[in-house]
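Bear in mind that the values in this text are calculations on the coordinates, not laboratory data. These numbers were taken from a predicted model, which means no experiment stands behind them. Here the Cβ positions follow ideal geometry from the backbone for every residue, glycine too, while neighbour counts run over all protein chains shown.
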């Protein structure tokens, strides 16, 4: 059993989550602010423009930023209440050291950094450089993502750095690279309203990317037809022209079945395929057996739905395909995405106005943070860490010998497994909460407790930071300056709205100080994040994700700049693949044939029900930030298990009963929400909660062989009516008068 | 600002509550949300509907107020009750056909949506209609709405014998010229229904051939 330095109720009492409900200094005194700073929301890859109000150097509210073109003032509830994480009582304001008798005790910055550097050096000298690992996040700015990759490769010289984008964008990225040659949304969102048919696969847009809803509705006002694939009837699906309630993991059935019908009916652009693609024959050979009846069995839907989808998509004049985690979070996530992209390329409807394709990035900097070299197999500019020319370019920018740059390391899940096995002894973690967000939660928490030394940089004591030996208080997005890259590939500017509170520090300064203590200070002599961005531009120059021509001033003037942007006089590239020129060296798209295969764990006699997981609109990822904002917690206080009335009746369960959802790995007990809007063979749990409410207690530690993304979207469970939870954790439930 | 009007398109609503959360943030509201988001019947559907004050031309809430506490501005915005006059009787709460006014015991008066008068009077749009990510709420010109939306905008309502005209428009299918919210007996509904009884039941969709 994992060990913590104090009981969970004690940790919660001291460090929260507590709920902040009132702006700094109260509602009544909130008059005209001292200043209003235009910046961006930190929650989700849409990166909406928002203005934060500052009074007496405290963020006290927000004002919509209608001039920013992507969202034109629109926000979701997370954006509206985002400022409530500022001036929060749970904020960490001093470094902490674990003390097994007393929990966490404050220590000063010098002692904390000295000890961290000493432990890193000890572990690396005894067990080798790769025995110390780094886990980072996709909500970091581009500057910080770049810095973390460089810190790992130059200061630590460990191969083992990976990031929580591994839980998010990697299936989509790998599929895009394989077929299209570039890992980025192919089109700006302004192409969406011009599409005549839009296919949304595995994306609960209303809750996970709410701003995109308006783009879909604009398209429909223009006459577009909407096809939605989802095991649940989401708010977007409710009014779709065609809703396909696909069984989780059955998407390839729909995509290949559609392509089969399109081929039979002549809705394939053979001229485009001949001129701009390779590999079509292999696709055609595979889809031959995906007749509607065969495809329907895989998809778990009537064959007529697949035919109707093909009839809408096939002959359309313009079209746009969007997908997200629903098809990506699978042990065949890359294949799911490739089958979807095949539908786009086969019609030639890409690289033109109103014609395109995009994955919907989930995390704040889901796009940018996967380009700057904090993935285990990547260097800045989306370069390949095993490519000699790529390594030489980066070695030159960093001023190091190419041979000193480590090669590819472990991705997030195998990295945690290596900790569990004792091969990795030390860990630095920033912007990641694996105790909540990785699958097979009990295994993950056990691994964290086995570390010899664990240092966490965070602004709140996350559930993962509770396992740390040293905690370094870092900065919120609005307390540092930098850039992110939004869902469209638009690089945008986050301004420093206020300074970090006394005792906390900007993350990049912490990293640079540590680099100095590890003897690499000369390579980390930045005076500001602008210096880091300028180095990032040079490092990315000539790469796929080329930022060389992007400056903070240009971003402000042009309301963002789309990469690739190789020079200052280059306008940026909102739409990729124009003229049928794809990202591969031969300029062509490379079709990939895709065969369906089952999930790592399908329902069986012992665990007969399919569990799928996802988000709710008022919470963000592992909830470290949003579970501390009262208004967002009130909106959806605790996870509910959605199930169809037919399943509920068979199990003797009524709405709001407590139910136990149990897999081979763990269980949760939550209330049931009995709704007709979900497939009767499937139950749904949102994943934002920790411990006894963590959906990831049940999920399976299986990963895609290419992208290494975990299979969050399907595992086998049994469900039964249960007694109300009791005990010290249940007493923390807000409904029981507690906090958490 | 006079050419700008408030529009609701219920079909666009995704139930995200951005409007509810943003309403609290209006400086004069001080943490109190005055918009209602209705969940129609979660068991059967994810459909939701936002409800702002419709700002009736001849507001029923004001008609039934025994204390003459509910006033209309010159441009037709119906305001919350005047604190010195409101006696907390809740006549307005019971009378409003849209269910908008609520009696707030903490302040002992009726409070309701005032179309963000503090914002609109200074050239800004109401908080809810500015943030609404789906465009279910919009504060725009008639010309802009007619250019960008399908259907028809109406502000005529029939509640049984009661005819109401509102300052706020709703978007409805083109064939509708007035929203008829009269009571229909369930027996009549069952007899006349052509649509499936349960249009959002996923199990039923899976049985379709």
Region A:432-518 - Rg (one decimal) and Dmax (whole number), Cα, Å: 15.5, 41
Starting from the Cα-Cα distance between residue A:270 and residue A:728, subtract it from 0.36 nm times their residue separation and give me the gain in nm to one decimal. 158.4 nm
Need one value for A:63-70: mean number of C-beta atoms belonging to other chains within 10 Å of its residues' C-beta atoms. 2
Within region A:252-281, whose backbone N sits under 17 Å from a point 7 Å along Cα→Cβ of residue A:293? A:257-258, A:260-261
Other protein chain Cβ atoms within 10 Å, averaged over every residue that makes up B:26-39: 2
Output ordering of A:428-439, A:344-355 (per-residue mean of other Cβ within 10 Å, highest first) is A:428-439, A:344-355
For region B:108-157, report the translational diffusion coefficient in µm²/s to the nearest whole number, using Stokes-Einstein at 25 °C, 0.890 mPa s, and a Kirkwood Rh over Cα pairs. 191 µm²/s
Can you give the FRET efficiency for residue A:650 and residue A:450, using 1/(1 + (r/R0)^6), R0 = 41 Å, r = Cβ-Cβ distance, to the nearest 0.05? 0.50
Considering only DSSP beta bridges where both residues belong to the protein assembly as shown, give the percentage that are antiparallel (nearest 5). 55 percent
Highest mean first, what order results for A:465-474, B:147-156, A:318-327 on Cβ atoms within 10 Å? A:318-327, A:465-474, B:147-156
Suppose each label sits 7 Å from its Cα in the direction of the beta carbon; what would the residue A:667-residue B:71 distance come out to in nanometres? 6.3 nm
FRET efficiency, 1/(1 + (r/R0)^6) with R0 22 Å, evaluated for residue B:57 and residue B:142 via beta carbons: 0.85
Residues of region A:1-37 with amide N under 16 Å of a point placed 7 Å along Cα→Cβ from residue A:57: A:25, A:34-35
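Please report, largest first and rounded to whole Å, the three semi-axes of the ellipsoid equivalent to the protein assembly as shown, where each semi-axis is the square root of five times an eigenvalue of the C-alpha gyration tensor.
One finds semi-axes of 42, 35, 29 Å for the protein assembly as shown.
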Quick one: if the Förster radius is 22 Å, what FRET efficiency do residue A:499 and residue A:110 give, using the C-beta to C-beta distance and rounding to 0.05? 0.60
dims of region B:116-207, Cα set, principal axes, largest to smallest, nearest Å -> 52, 39, 24
Over chain B, the sum of -39500 (n - 2.57) across DSSP H runs of at least four, divided by residue number and rounded to 500 deg cm²/dmol, gives at 222 nm -5000 deg cm²/dmol
For A:247, A:153, B:178, A:115, what ranking results if the residue with the fewest other Cβ atoms within 10 Å of its Cβ goes first? B:178, A:115, A:247, A:153
Please compute the length gained on full extension between residue A:25 and residue A:121, using 0.36 nm multiplied by the number of residues separating them and subtracting their Cα-Cα distance. 30.1 nm
Would chain B count as rounded, prolate or oblate if I go by the C-alpha gyration tensor, calling it rounded below 1.5 in a/c and otherwise prolate when a/b exceeds b/c, oblate otherwise? prolate
Cα→Cβ-extended label distance, 7 Å offset, between residue B:207 and residue B:182, nm: 3.5 nm
Most fluctuating residue given options B:180, B:44, B:27, as computed from a GNM of chain B linking Cα atoms under 10 Å: B:44
Placing each pseudo-label 7 Å from Cα in the direction of the beta carbon, residue A:386 and residue A:557 end up separated by a distance in nanometres of 4.3 nm
Just check region A:84-161 against the gyration tensor rule for me: Cα atoms, a ≥ b ≥ c as the square roots of the eigenvalues, rounded for a/c under 1.5, and otherwise prolate or oblate depending on whether a/b exceeds b/c. oblate
Descending packing, highest mean Cβ count within 10 Å first, for A:495-501, A:711-717, A:653-659 is A:711-717, A:495-501, A:653-659
Among beta bridges that DSSP assigns inside region A:382-518, antiparallel share in %, nearest 5: 30 percent
Once you have a ≥ b ≥ c as the square roots of the Cα gyration tensor eigenvalues for region A:646-740, tell me rounded if a/c is under 1.5, and otherwise prolate or oblate according to whether a/b is larger than b/c. oblate
What does the helix-only formula give at 222 nm for chain A: each DSSP H stretch with n ≥ 4 adding -39500 (n - 2.57), the total divided by the residues, and the result rounded to the nearest 500 deg cm²/dmol? -8000 deg cm²/dmol
Based on other C-beta atoms within 10 Å, arrange A:685, A:167 from fewest to most. A:685, A:167
Please compute the average number of Cβ atoms from other chains found within 10 Å of each residue's Cβ in peptide A:672-679. 5
